[in-house]
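Student: Sharing a structure with you now.
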Amino acid sequence: MNALAAGLPVSRPAVSQHLKVLKEAGLVKERSEGVRRIYSLRREGLMELRDWLDTFWDGALAAFKDEVEKADGVAE
């Protein structure tokens, strides 16, 4: 974590909290290597996030399209 925190404009405790949230969300995994903790991305977690985002944007864009089409119908 020290290597991660060194390059960020936030405190080490803040980085630790963010990593905890990412781990709980299934986006990163942690393993011990001696006294160090090694964090890495979970490909499966990122794929789940991408699927959710795709679903979210598909729904949001469909709703936007419906609103635009309604507005176009009113203006005619």
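The values are calculated or read from the model by the stated rules, or taken from the named source; none is laboratory data. Nothing here was measured: the structure is a model prediction, and the numbers come from that model. Note that we place each Cβ from the backbone using ideal geometry, even for glycine, and neighbour counts take in every protein chain shown.
Student: Search the stretch 1-12 for residues that are free of Cβ contacts under 8 Å to residues at least 60 places away in the same chain and pair each with any residue that is of a type outside the set (A, V, I, L, M) and in a loop (DSSP other than H, G, I, E, B) when their beta-carbon atoms are under 9 Å apart and the residues are at least 6 apart or on different chains.
Tutor: A5/S11
Student: Surrounded by 10 or more Cβ atoms within 10 Å (Cβ to Cβ), at pLDDT 90 or above and among the hydrophobic types (A, V, I, L, M, F, W, C): is that true of V28 in this structure?
Tutor: When the stated conditions are applied, V28 passes them.
Student: Out of the residues in the stretch 19-66 that are among the hydroxyl-bearing types (S, T, Y) and under 27 Å from A3 (Cα atoms), which is farthest from the chain's Cα centre (by Cα)?
Tutor: That would be S32.
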